[in-house]
1. Please give the per residue volume of the convex hull enclosing the alpha carbon atoms of the range 110-155, rounded to a whole number of Å³.
2. Along the Cα→Cβ direction, 7 angstrom out, place labels at VAL134 and VAL147. What is the inter-label distance in nm?
3. For the cross-link pairs LYS72/LYS132; LYS66/LYS138; LYS38/LYS72; LYS66/LYS91, which exceed 28 Å when the distance is taken from alpha carbon to alpha carbon?
4. Let me know the Kirkwood hydrodynamic radius for the range 35-88, please, with Cα pairs as the basis and the value in Å to one decimal.
Amino acid sequence: MVLGALVIVVVGVLIVNYFKDKKGETLNGASVGSESQKEHIVVKGETLWSIAEDKYGSGYNWVDVKKANELKSDTIEVGQKLTLPEVSAKKPTSTKPTLTAKVETVSGDTYTVVKGDTLWSISLRAYGDGYKWVSVAKANNLVNPNVIHVGNVLTLPR
């Protein structure tokens, strides 16, 4: 008799778990853990990175948003409802040692490429923003911005 009652309790627990909503709602509609999460509706032009930048102050939190929504890919669609988990902003990490030597800034309208330079590093020193490499590449009509040679004189748009 005790064994029969135990089987009924176990089966009952299994049935309740089976009918729970995947998002943590119980049968009576009370949600589990929803106090620590917010929702976001995707608008045109947004990416997981841009949403994470807006909501957390760091694009590196895109992984948390993807994981919280159990997304199979990085693609999101306009109108999609995303759950934003309550996490702290992530900082970028690097496996390379950082250089402590002072880096010379570039102040002129031209720059002569030296060994080890990249458009990113030149832009970082010239403008304080590595993403300006695009305008440097355009100003110099570079067909392949990944290839610059020692001795090249680049025009730096100001």
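Every number in this text was worked out from the coordinates using simple rules, so none of it is lab data. On a predicted model such as this, the values are computed, not experimentally measured, just so you know. Here Cβ is always computed from backbone atoms with ideal geometry, including for glycine, and neighbour counts include all displayed protein chains.
1. Normalising the Cα hull of the range 110-155 by residue number yields 61 Å³.
2. It works out to 2.3 nm between the two label points.
3. Table pairs above 28 Å Cα-Cα are LYS72/LYS132; LYS66/LYS138.
4. So the Kirkwood estimate lands at 10.9 Å.
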